[in-house]
Amino acid sequence: MQEILGLYPSWYVPTIGSAWVMGIIGTIHVLASHTSVGASWLFALLETKAVRENKPELMEYIKKYGVFLLVFSYIIGSITGPGIWYAITVASPKGVGGLIHNFVWVWAAEWVYFTVEVIGVYALVYLIGKIDPRTHLKLTWVFALASWATMLLIVGILSFMMWLGNENWYQTGSTLDAFFNLNFFAHLGLRTAFMFAIAGAVGGILAATMKNETVRTDITRFLAKMGLAGVFLGMIMWMWYVQTLPENAKIIMQTQLPGYIAPTLFAVLAATIIYFAWSAWKPLQLKQGFAVAMTAVIAIAGLWPEERSRESIRKPYVAGQYIYSNQTISRDVPGKQIESNLPLIAEKGVLATHPFVPETLRTITATNRLQAGEFVAKVMCANCHSMEASGLRPMVKKLQGSTDVEQIKAYLGGALYHGLIPYMPRIPLPEMERQLVAEYLASLSKHTMTLSQTQTHASNTLVMKGD
Ligand code: HEC
């Protein structure tokens, strides 16, 4: 059996937790990347029309949108893409490690396609009007297919993070078993649909600036049709996607997501449909400012709740239903020679086995109990429960202000050991460490109580879960 937990130092982000940092960067990245993949398909489809119907004037628009993409999507995308890597590497080193051990060649392949994509967009903008239209059209299709291939490869990785949906990979450790998981096709369909919708909305920003009214009408209608197709396809894909989610995700969706999420998403959906329908009907009335506003609505009220939910419903896991988001490995994966950390934690505790415990906390004395409790709580719980009074599932709120150590300890027992709450991971801390965490949490409660006297109802309302 292992002697040391394979853990890295924890990145502690007060109040919002590291998951939100990821969520914010991720949302910006998704906006930029889906816009560019969607636009690549728009270019290919629109240019096919331009060549078939001999309408070279449409190419003017593709040029404009292409330059816009270079400045907007590719710069923002290339900043936030590595940004995600930096953030997840500190927020979730075990999670990233797990992904790299499965998908290193998938990422390598993705990188090749990405290179084709970036060279493609430069070449296609630069070569408009300089080479024969049919050759240019081929170039644009290469750009579109390469762009979509990057999405396809990343979606395989993202959906592995959600879950596998079967036992194969745990036994074989094979990349294909990891990649073609239950969730993959529905997720790919969903993102593909979304890319059409967002590229349609962003496209309006540039369509509104076209001087020639016939061209403007043509393009705005084209965008609207593409956007509507994306929205309707997206709704179907969403229904399929939900069917492929694991049980814990369904429970969290039903019971844990903030109440505003579902109504907000429906409102955005309705607004998007109306927006596209209206711009198809009255293309010349579409103003640039309005298209900008619509893009912002989709990004802020649509994408953010969606990305946030996807991060939340995966809980308690960060990847493959074997790594908790606090970095603990929760099951054996024979196919990868990975062993669960839980038996070691149960037997020896975190303080004796975590490689980054300060020497002063290795042995518990009368004076370091609180710090030791804080260490265990921050390493094992803070990824999902904020230790501050507000933010992500604050610990003190769970305790409803209780400062009674025995009571808290009993309550923690209910949460930590049974794995009965499907979305709260089983973390079998030994008796001693549960005691230390309870003492630390009691001190947190005391502290917040003196800060805000509003929590007067305090300890007697605490539901006893017992152990
Ligand atoms: C992977 C994320 C995650 C980690 C890590 C985590 N929790 Fe939780 N915990 C949850 C979720 C999700 C819930 C249920 C949602 C809610 O009630 O807000 C929950 C609920 C709880 C509850 C309330 C249980 C009940 O009966 O309603 C307690 C107590 C608790 N956690 C304690 C802890 C402690 C102590 C740790 C660290 C040793 C910890 N949690 C680590 C996600 C986590």
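The values are calculated or read from the model by the stated rules, or taken from the named source; none is laboratory data. These numbers were taken from a predicted model, which means no experiment stands behind them. Cβ placement follows ideal geometry from the backbone for every residue including glycine, while neighbour counts extend to all protein chains displayed. These accessible areas exclude ligands, DNA and RNA; they are computed on the full protein's heavy atoms, side chains included. Shrake-Rupley method; radii C 1.70, N 1.55, O 1.52, S 1.80 Å.
The residues on offer are Ala291, Ala249, and the sole one that is closer than 21 Å to Leu69 by Cβ and assigned by TED's automatic domain parsing to the domain that holds Ile24 is Ala291.
Residue pairs whose Cβ atoms lie under 7 Å apart, sitting 6 or more positions apart in sequence or on different chains, and linking a residue in the range 241-255 that is within 12 Å of the ligand (Cβ to nearest atom) to a partner that is polar (S, T, N, Q), are Ile252/Ser312. Condition check for Ser92 on (1) within 16 Å of the chain's Cα centre (by Cα); (2) surrounded by fewer than 21 Cβ atoms within 10 Å (Cβ to Cβ); (3) farther than 19 Å from Val37 by Cα: one failure, at (2).
In the range 444-467, how many are in contact with a Ser or Thr (Cβ under 8 Å, 6 or more places away or on another chain) and either open to solvent by 40 Å² or more (accessible area, probe 1.4 Å) or at pLDDT below 55 (or both)? Even if it seems obvious, please write down each step before you answer.
Here is the first cut: in the range 444-467, the ones in contact with a Ser or Thr (Cβ under 8 Å, 6 or more places away or on another chain) are 445-446, 449, 455, 458-459, 462.
Checking which are either open to solvent by 40 Å² or more (accessible area, probe 1.4 Å) or at pLDDT below 55 (or both) leaves us with 446, 449, 455, 458-459, 462.
Residues flagged as in contact with a Ser or Thr (Cβ under 8 Å, 6 or more places away or on another chain) and either open to solvent by 40 Å² or more (accessible area, probe 1.4 Å) or at pLDDT below 55 (or both) within the range 444-467 amount to 6.
For the range 10-31, a residue qualifies if it is modelled with pLDDT under 90 and closer than 15 Å to Ile300 by Cα, and the qualifying residues are Trp20, Gly23, Ile24, Gly26, Thr27, Val30, Leu31. Exactly one residue out of Ala372, Ala382, Ala352 is more than 10 Å from the ligand (Cβ to nearest atom), assigned to a loop (DSSP other than H, G, I, E, B) and either at pLDDT below 85 or not assigned by TED's automatic domain parsing to the domain that holds Ile313 (or both), and it is Ala352. Answer with yes or no whether Thr272 is surrounded by fewer than 20 Cβ atoms within 10 Å (Cβ to Cβ), among the hydroxyl-bearing types (Ser, Thr, Tyr) and within 22 Å of Ala299 (Cα to Cα). Considered against the rule, which asks whether it is surrounded by fewer than 20 Cβ atoms within 10 Å (Cβ to Cβ), among the hydroxyl-bearing types (Ser, Thr, Tyr) and within 22 Å of Ala299 (Cα to Cα), Thr272 comes out as no.
Considering Arg362, Arg426, Arg393, the condition of being surrounded by fewer than 22 Cβ atoms within 10 Å (Cβ to Cβ), within 18 Å of Pro9 (Cβ to Cβ) and basic (Lys, Arg) is satisfied by Arg362 alone. Name the single residue, out of those in the range 159-207 being part of a helix (DSSP H, G or I) and among the polar types (S, T, N, Q), that is least open to solvent (accessible area, probe 1.4 Å). Here the residue is Ser159.
Assessment of the range 330-338 against the conditions (within 16 Å of the ligand (Cβ to nearest atom), over 15 Å from the mean Cα position of the chain (by Cα) and either in the same structural domain as Ile251 (by TED's automatic domain parsing) or among the basic types (Lys, Arg) (or both)) yields at least one matching residue. Selection of first residues in the range 368-384 that are polar (S, T, N, Q) and of second residues that are modelled with pLDDT under 95 and within 7 Å of the ligand (Cβ to nearest atom), restricted to Cβ pairs under 9 Å at least 6 apart or on distinct chains, gives the following pairs, ordered by first then second residue: Asn383/Tyr324; Asn383/Ser325; Asn383/Asn326. Scanning the range 305-320 for residues that are within 12 Å of the ligand (Cβ to nearest atom) and in a loop (DSSP other than H, G, I, E, B) returns Arg314, Lys315, Pro316. Does Lys287 fit the bill of being open to solvent by 50 Å² or more (accessible area, probe 1.4 Å) and either of a type outside the set (Val, Ile, Thr) or in contact with a helix residue (DSSP H, G or I) (Cβ under 6 Å, 6 or more places away or on another chain) (or both)? In short, yes. Candidates are the residues of the range 25-58 that are in contact with a Lys or Arg (Cβ under 9 Å, 6 or more places away or on another chain) and open to solvent by 20 Å² or more (accessible area, probe 1.4 Å); the one that is farthest from Arg314 (Cα to Cα) is Lys55.
Restricting Gln407, Gln400 to those that are open to solvent by 20 Å² or more (accessible area, probe 1.4 Å), not small (Gly, Ala, Ser) and not in a loop (DSSP other than H, G, I, E, B) reduces the list to Gln407. The set of residues in the range 327-349 that are in a loop (DSSP other than H, G, I, E, B) and either open to solvent by 10 Å² or more (accessible area, probe 1.4 Å) or free of Cβ contacts under 8 Å to residues at least 12 places away in the same chain (or both) comprises Gln327, Ser330, Arg331, Asp332, Gln337, Glu339, Ser340.
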